[in-house]
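Worksheet for the structure shown next.
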Amino acid sequence: MALSLSAEPAVKQERAPLRVSFWRSAGDPVTRADLKVTLNGTDAKLLRLSSPSDDLVLLVVLDLAGDLSLVDPARAALIAELGALPPNTAVGLLRAQDGLRVLADPGTSREKLGEIIGGLTISGRAGLLDAFEPAARLTDSILAKTRVRLAILYVTDSSIGNYREDYTNPVVNSSDANDMSRRFPEGLVNEQIQRVKNEIAGALAPIFIVHLRYQNDRLAAAYQTGLLDLAAASGGEAEFCHAVGDIPAAIATMMGAIVTQQTADVEWHDSNKLKQVEIFLEAEGRTLHYRQRMLLKGPAAGRRSN
Amino acid sequence: MRVAVGALLAACLAFGQNAAKPTELQRAIEEFKIQSRDMGLREDSPSVTQHNNGTRKWRWHGRLFENFRSDILDAVPHEVAQRGGNKGILRRNQYGFNLTGPVYVPRVYDGGRNTFFTFTFEGTREKIGQTSLRTIPTMAERAGDWSSSVDSAGQLLQIYDPQSTGKNAAYNPAQAVSTENLEYNRAPFPGNRIPTSRLDPTAQKALQLYPAPNANAGPFFQNNFFVLSPEVNTAGGAIVSVDHTLTDKQRLTFHLNYSNGMHGSMRLFESAANPGSPIVDRRSRSAGLTHVFTVSPQSVNTLSVSASTSQMEYERELGDDGQPFPRYRFSPYLSMGRANPNTKSARNTYAASDGFSCRRGAHRLGVSTQVIAEQVHIYAPQYPSGDFEFSSGLTSLPGIINTGHAFASFLLGGTSFAERSVVISPSYFRKPRFLVSGGDQWELGRGLTLSVGLTLDSTGPRTEKYNRQSTVDLSAINPANGLPGALITAGENGAGRGFQPWLTKLDPSASIAWTFLKKTLARASYSRSYSPIPVYTSQWGTQAFNGTPTWISANPQLTPAATLDQGLHDSGSRTFPDKRPEAANDTVADLIEPTGRQPTYQSGSLSIERELPGLFVVTAGFDHSDGRNLLLSNSGANPNAIPLTSLGYRDQLNNEAFKRALRPYPQYQRFEVYSSWPEGHYKRDAGYVRVEKRSSAGVSLSASYEFAKQMDDYSGPYGIQDFYNRKNEWSMTTGSTPHRLSLTYVYELPFGPNRLLFHNTDWRRYIAEGWSVSGVTSVTSGDPMGLRPQFNNTGGVVDALNVNVVPGVDPHVSNPGPEQWFNPAAFSQPADFTVGDASRTHPSLRMPGNQNHDVSVNKRMAIGPEQSLELSLVGLNFINHANWNDPDTMIGPASAPNVNAGRIIGSRGGRVMQIGMRFSF
């Protein structure tokens, strides 16, 4: 029995492998024989490959602050999808309002989750952008010490104008007729997205985002493009719902990607120098979605390094 | 460590006492619990870890910024370069800061997760050049010498001596007045020079404040005054907001905004006679409190109250006599003096609302109510020193166009119309409004949603705190002439406080959204709404308390209404308030529309949105909107207009007494309806296509094209020709652009660590990373063209005369350019006392289009985990594109055609650069 999970590794720390999560849009699971891994242009040794039948921890982070007509269908769809997850999946529930908070520890009981989700109050401020970094820290810690598959699913209806922090740069002096500084209003949004991106540059768990409301004004476009960028950079994906009717399908799509997720532990040797790792995964006949580059200070895969 | 061991022990108990090795999943769950506790993400986390909301970040964040602009960075504006200038005027600093985070008062209060504030301050100091190209009298003309003055065809413009006027004994009333059949004989000034002794001394004194010509853009002596003058503006303001979580179910948000600004308009003259806009001090304040109560997971109540005030004070500019300079108007020359030289106003708005929404099954139901109280406090004497209008009639050959000149009449001191504002007291207007709304969003089936809503909108009339309001009751008998139309005052003799009824209307709306194929969404919507008549920032409708004595010429071709040397002297000894029913007789009387008809808008839309592979979203749609009872100003509505059938009286219409008898309410010269007469109609149809592309590679792009057609019966700078036949006025809306193309894009360049290129992790990353390019491009076609005849010889019956169409002549030219944008030969000046047969705006001729390309290049540098510096270079009109000015649309008579018609003088615009710096922490 390991008695020191969070303090020291159970065994002497060896050179940690690089863990790469990937998922398929379609097709059978990838086997060791199928998978070819290239790191920085050279073939890499595959140490371990998990399959969809291996244990999965899914952290669902709810960032719901707005319209009931969107939130309620999302809750219903989420409860339905969680109920359909295989028993090897432990689902934890968190909410992003007023700081990331745990609503339910990961577990395999879906009933309790349903009750919590159904009874969740939705008033509040958007908190998604503040949730990425602590969530990444939390998941990195788990991945560094266990071999489970792990993913984070954010369900959000957040608008960039509903954050406690001001990213919209509202007009202060309405009498200032020659103001050019708001001609390109997305500057603060892009800055914050890049900051978050840097914060999770070394995070291992893929991020999946379901945004309940697609918007196309400039600020919303910058925000939602930023979410897309963050999800893709982590090896995950983002879906934006154009109508209420899109919500169940979007959540189902994300769940499908999450449960089929696999992880590859790849041998990784490098000095203690901060370095970018270019990753290339190939499995014949299948399109793989994964994180293509990572900023690491080897041999410490799984740690934030910048 | 103790926590970790405890957790593991608990884990052991949970996993069984047989000491089986925990599975990977169990280990992961335990690690989750331990880490989330240590990070302060749980209820049972140590309190000290909870303050930072689980992040490692600083508790307070913010930014400092400065945006700088200077003419040394800009291209010389095209309009300045074309007048021989080599630089504009621009110096601008915009600076400020933002701070946000939990409220923390040492030893008193720690807001932690619950109380959060944001404070933003921004200030501006600016000096920015504005340009104007106008026409002013030549120095010779000011001295009375018109021997070189020409008309728009380049022919000598003859000035006649009004003192030589005499009845033509040979005049044949059965024939139209013409040079061969003059009603009055009048001799030209010898040598076309007004003798010095005849020049009005008041006019001569005023002209000392009038600048000399300084340009020669032409044609002839036109466009001879170019001004490049700075606006000096300052602004400073702040936004404060505090967000407090009372409980998991209740939240309070408070916001407070204040802004002080001084808007200094450009000066056309460096004297008290400056006709430009005044310098305005502005102060605005607003505050609001919102309480959100989540009654249950399926129901939310939002209660909010707010108050705002916006105040303006025009800076007084006084002449040598300590009084504001009068307003002298002698079109087409630039006037002297201005309206409202001494105005103060405050607009206060108080609002309270409550909204409740809940979800029941497939229905999302919502009800809300709102109460709004609006106040306008104002003191605004429009013309305290008088408004004097001069026409060419006094120096013309009576009845003959293209003779005489308004400025020559000014030199003689004879005005055709004058009025003076006598404002005794400020006005304190009030207007209430109540709204109750209900709606249901019903999910009919998978992918099909129907939304319906209904709003009960109840609006009260404008009232005045002390009942100091008046209007003309069109049914009351005027004791002066026994005809309908008499002045009434609020709250007296049976009149209501507001002259209009309380209006309660229902605004319905419905929409449907249907996802009928994968990733394809169809939307349709319809709505109808009523708009309340606003409370304008003006003292219109207080004529019994604040008078407007008016002087009207008995015949502007023969006698002046008043002369400058004698000034404006009220007949009798009027004192205010003057509530007599006949008190507004012989004036432009304020008229409040009595029925309270409200502007009504209707709109419908249909669109299809399709998400394509590659994160493309294509939307195509059609919008329709129309409106009726739209509020019109004097140029679009005249309840006292003379019917066009009266044009048959021809030259008799120059006689004010004769003409007045033809008006529906002859005791009034006309009515002042102040943008509140509900008679306008419009219709707009537009089709559009929009393509949006979002990419995880940091690209965001949106392109849209719209084709629209908008028509109405009121728009345009000149007014309408026939107030009694609005169908004849139905034409393209002035200012509506049929074609509109826009493109916006943002590209985060893939440079730096964790990016595609230049992913060095050493010092070079500071150079490589953080670059982005943004842009906005818009291209629009020109507005519909409105053509005007140069002369309006209808005896004042028609305010805005249309041109005639010359049959068989194509108004279009093959290669429109500045030399000839359209073919003026396709149009002609209507004959005297006839109306034009062309539409108010041309159905196919357009003004020049516009295009604009703005680009921003940004560079971010992370200088710490949470600190970054961003530099930006913004270029408005980045490629320094020049947009053509509008062509001259004035059509002259065949005897003296406007040689400038169809030509464009110059272009405008120029690249403007701004350097910005922002430090974020």
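Throughout, read-outs are computed from the coordinates displayed, never taken from laboratory work. Worth saying up front: this structure is predicted, and the values here are computed from it rather than measured. Cβ coordinates were reconstructed from backbone atoms using ideal geometry, including for glycine residues, and neighbour counts include every protein chain displayed.
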- Query: When the Karplus curve 6.51 cos²θ - 1.76 cosθ + 1.60 is applied with θ = phi - 60°, which whole-Hz ³J(HN,Hα) does each residue of segment B:379-387 get, with x for Gly and Pro?
  - Reply: 10, 9, x, 5, 10, x, 9, x, 10
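Across peptide A:241-250, what mean number of C-beta atoms from other chains lies inside 10 Å of a residue's C-beta?
6
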- Query: Taking the mean number of other Cβ atoms within 10 Å as a proxy for protection, how do you rank B:258-269, B:207-218 from highest to lowest?
  - Reply: B:258-269, B:207-218
- Message: Along each principal axis of its Cα atoms, how long is segment B:493-631 end to end? Whole angstroms, biggest number first, please.
- Response: 82, 41, 23
- Note on the structure: B:Ala800 neighbourhood, Cβ < 9 Å, K/R = +1, D/E = -1, net charge +1
- Message: If I take the Cα coordinates of the protein assembly as shown and project them onto the principal axes, what are the three extents in Å, biggest first?
- Response: 132, 65, 61
- Computed about the Cα centre, the charge dipole of segment B:694-802 from +1 Lys/Arg and -1 Asp/Glu charges at the Cβ has a magnitude in debye, to the nearest 20, of 380
- Query: Nearest 10 degrees, 0 to 90: what angle lies between the long axis of helix B:2-15 and the longest principal axis of chain B (Cα atoms)?
  - Reply: 70
- Geometric extent, Cα atoms of segment B:68-135 - Rg, Dmax (angstrom): 22.4, 70
- Task: Could you state the angle between the C-alpha long axis of helix B:24-38 and the longest principal axis of the C-alpha atoms of chain B, as a value from 0 to 90 degrees rounded to the nearest 10?
- Result: 60
- Can you give the calculated 222 nm mean residue ellipticity of chain A, where each DSSP H run of n ≥ 4 adds -39,500 (n - 2.57) and the sum is split over every residue, rounded to the nearest 500 deg cm²/dmol? -9000 deg cm²/dmol
- Query: What does the charge count near B:Leu787 come to, summing +1 for each Lys or Arg and -1 for each Asp or Glu among other residues with Cβ under 13 Å from its Cβ?
  - Reply: -1
- Candidates A:Met180, A:Met255, A:Met294, ranked by Gaussian network fluctuation over chain A, Cα under 10 Å, top entry: A:Met180
- Item | Taking the C-alpha atoms of chain B, convex hull volume expressed per residue in Å³ | 233
- Query: What ranking do A:148-155, A:49-56 get when scored by the average of other Cβ atoms within 10 Å per residue, highest first?
  - Reply: A:148-155, A:49-56
- Message: Over the Cα atoms of chain A, what radius of gyration and what Dmax do you get, in Å?
- Response: 20.0, 70
- Task: Give, rounded to the nearest 20 debye, the magnitude of the charge dipole that chain B has about its Cα centre when Lys and Arg contribute +1 at Cβ and Asp and Glu contribute -1 at Cβ.
- Result: 2900
- Item | If the convex hull is drawn through the Cα atoms of segment A:163-284, its volume per residue in Å³ | 175
- Query: Can you tell which of B:Ser265, B:Pro230, B:Val240 lies farthest toward the positive end of the dipole of segment B:217-305, using +1 and -1 charges on the Cβ of basic and acidic side chains (Lys, Arg; Asp, Glu)?
  - Reply: B:Val240
- Item | Cα-centre dipole for segment B:767-920 with unit charges at Cβ (Lys and Arg positive, Asp and Glu negative), debye to 20 | 320
- Residue-count net charge about B:Ser872 - beta-carbon cut-off 10 Å; Lys, Arg +1, Asp, Glu -1: +2
